[in-house]
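The structure under discussion appears below in the form of structure tokens.
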Amino acid sequence: MLIAKKTFIVLLVALFSTAAVTAQMITEEWLKSEYTILLAGYISWPEEEKIDTFHVGVLDSEAIYTQMSLKSELQTLKEKPFRVTYFKSLKDLQPVNILYVDEKKNNSLKKIFNRFGEQAVLIVTDSARNDDFTMLNLLGMSLGGDKPFQLNKTNTDNAGLTVSPKILFVGGNENDLRDIYRELENEGNKMRADLDILNRELEQKQKELAESERKLEVRVEEINRLVYEIELQTRELTTLSDSINLKQMNLVDKIRLLGYQEDRIKGREAEISALNSVIAEKEQEIAERSQVIGKQLDDIVLQTAMMKEQQQILDSQKIQIKRQLMVLWFFLILSVLILGLGFMSFRAYQIKKRANRILQEKNRIIQEQKSNILNQKEEIQAQRDKLQEVNIRIERQNENITAGIYYALTIQQAMLPDLDEMGSLFDGFIIYMPKDIVSGDFYWFTQTGRKKTGERVFYFAVVDCTGHGVPGGFLSMIGSRMLYAIVKEHKIDQTHEILELMDQRIRQALNQHKTDNDDGMDICLCKITLQGSDENDPDDVYLSFSGARRPLFLMRQGKELEVIRGDRRTIGGKHFNPNPFSKNELALKKGDRIYLTSDGLMDQNSPEREKFGTRRFIAFLNGHASLSMEAQKTKMEEEMIGFMKFEKQRDDITIMGIKL
């Protein structure tokens, strides 16, 4: 969890002071509007499927209204468009889905709640101190404690809104978390009780099945006996002509009885088959519920581990500051002692040389020296107080900067693709090693669904933004949003056209045609098209690749690694390259592998100042081509650790491997 101890505005100032070089266009209002749209994605409205366009209202904040309007043109909310309306005062309010209330209107929250009553309106407030009339409250550091925002689940429930447990772990209060744990425990107990009932029903059905089998065996014996009797009667008919008619009637009756018994046997077999199907469905339902509980428990364990890790980092910083303070005190006292010793030695020499002449003034001189020492003592005390104030300010600034960086990390991780979704579609791996807390690299994945022709299209990208840490993190969030808008909203499906449009939008977003901003991105973008009706065994596999200063590594089955070069042109930057991006199209086979990377691993130094380099990377892939993707990831991590040893990481490292 993030540790915020200043107001929300100070946190933004700390973020901007760190990222001022590469994020000149990012403002406090942009962040507030971004958080409002992002967190609203975890809220569900009643009959939400009937909402075609979300309606967002902004009360008494023209800056937020401007940012929201810009976002409504480029972004979507829960994959639906949204429009923004500005309200100057309370009397102008109209029904909306989301209402942002500026901090100046916090004293009027009760009137706003009374105005909307129990309507399904998500009210977003800024630094409100009275949580009785809040739903989603963006907190400052002095109000939020260890939380960047606060959720009042009671008010959202009263308004008919449903809150995702994912953000309750961050912004919910202790009662909400206890309710979640209580619901999970109740659901687990209910599942265990259902499992016991199903087990008892299974045992009962097994007993009934055994009884049916026993009865079936008895019926078979009866049939065999009847067949034997029919044979005897047939032999008797050949010798007893007088009673042939009577015997034939008996034979017809026996055959009819045999058919009736066979029909009953078939009915029993159908009942047994239906019972087995019901048992299999119940077992599958139990397994799915167990997986859901396991995932929720894994999320809780992950949150706890993150809290412990952040606490360890804070403790180490405090110890380092204390050590620096002790060293400073040591040199300060040593300097005072040296100055005092030199002064006393000089005075002793003068007194000894002029003892006869100044003997009468001895007492006066001693008094003057005593007064000087007291003055020096007061000056030292004042300097020590000032030093303590400076240390306190430095410590607070470090805490604010660290909290802001971790807050940015939460947003960046929320924008990365779901690894479980990628793993369910392709066999592969991701190595993602930021140099700092926030990364300037990011990986991206999406799919456009099955077309009418039966094609399935997937997009993969590894993007290396200028710089690393918070400046690179800002660019990575802008790049991820732009990729999603170009592919999913504007339906651009050619890789070279995607890069061209992204280059234009980066230059516009960073205003590079008017400023000296030279930030940009290097991208390795792939489009994979699978043709065929069988999802697990496609008939044809086609690859389309475009690169901005990044190559694609291709490993065909039974062959050496191929390197497909990208264009010598970057995305963004103050020097515009008029040459268009190119597109490489290849026909691949099932089992071929592709690798997308940033330049972080290739530029990494060893303790001997030797770079890892592209040749070493190619040799590693050729030498481990027979391994599975998971085994390759493990070996590659071991190779990097063995190469770096104790050398500091130079840049963000991202490697994506995919087996087709």
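Taking the average, over residues, of other Cβ atoms within 10 Å as the packing measure, peptides 108-119, 503-514, 124-135 rank 124-135, 503-514, 108-119 from highest down.
Among 347-359, 50-62, how do they line up by average Cβ neighbours within 10 Å per residue, starting with the highest? Numbers along the way, then the final one.
Working: 347-359: 10.2, 50-62: 18.2.
Output ranking for 347-359, 50-62: 50-62, 347-359.
A cut-off under 13 angstrom between Cβ atoms defines the neighbours of residue 376, and their net charge, with Lys, Arg +1 and Asp, Glu -1, is 0.
Work out the count of Lys pairs in region 401-560 where the Cα-Cα distance is under 15 Å, with the pair 8 or more places apart or on different chains.
5
To put it simply, the accessible area of the chain at a 1.4 Å probe is 52 percent carbon and sulfur. Here the Kirkwood formula, the inverse mean of 1/r across different C-alpha pairs, assigns region 485-567 a hydrodynamic radius of 15.2 Å.
Partner lysines whose Cα lies under 16 Å from the Cα of residue 370, excluding those fewer than 8 positions away in the same chain, are identified as 362. Summing +1 for each Lys or Arg and -1 for each Asp or Glu among the other residues whose beta-carbon sits under 13 angstrom from that of residue 574 gives -2. Using C-alpha pairs under 8 Å with a sequence gap of at least 6, the mean separation divided by the residue count of the chain gives a relative contact order of 11 percent. Per residue, the accessible area of region 477-576 comes to 47 Å², computed with a 1.4 Å probe over protein heavy atoms only.
Straight Cα distances below 12 angstrom link residue 88 to the aspartates and glutamates 60, 62, 102, with same-chain residues fewer than 8 positions distant left out.
Taking trypsin sites (Lys or Arg not before Pro) across region 473-503, the ones in a DSSP loop with at most 14 further Cβ atoms lying within 10 angstrom of their Cβ are 491. Would you mind checking the pairs 91/153; 32/105; 611/648 and listing those with alpha carbons more than 21 angstrom apart? Those over the limit are 91/153. Ranked by the mean number of other Cβ atoms within 10 Å of their residues, highest first, the peptides 75-81, 322-328 fall in the order 75-81, 322-328.
May I ask for log10 I(q)/I(0) of region 537-660 at q = 0.19, 0.21 Å⁻¹, from a Debye sum over the Cα atoms as equal point scatterers with solvent left out? For region 537-660, the Cα-only Debye profile gives -1.13, -1.27.
The mean accessible area for residues of region 341-464, using a 1.4 Å probe and ignoring ligands and nucleic acids, is 63 Å² per residue. Express in nm, to one decimal, how much length is gained between residue 488 and residue 256 on full extension, taking 0.36 nm for each residue of separation and deducting their alpha carbon distance. Using 0.36 nm per residue and subtracting the Cα-Cα distance, I get 76.7 nm.
For the chain, treating each Cα as an identical point scatterer without solvent, what Debye log10 I(q)/I(0) comes out at q = 0.06 1/Å? Log10 I(q)/I(0), no solvent term: -0.55.
The values are calculated or read from the model by the stated rules, or taken from the named source; none is laboratory data. Just so you know, these numbers come straight off a predicted model, no measurement behind them. All Cβ positions, even for glycine, are placed from backbone atoms using ideal geometry, and neighbour counts span all protein chains on display. Protein only, heavy atoms only, side chains kept; ligands, DNA and RNA dropped before computing areas. Shrake-Rupley method; radii C 1.70, N 1.55, O 1.52, S 1.80 Å.
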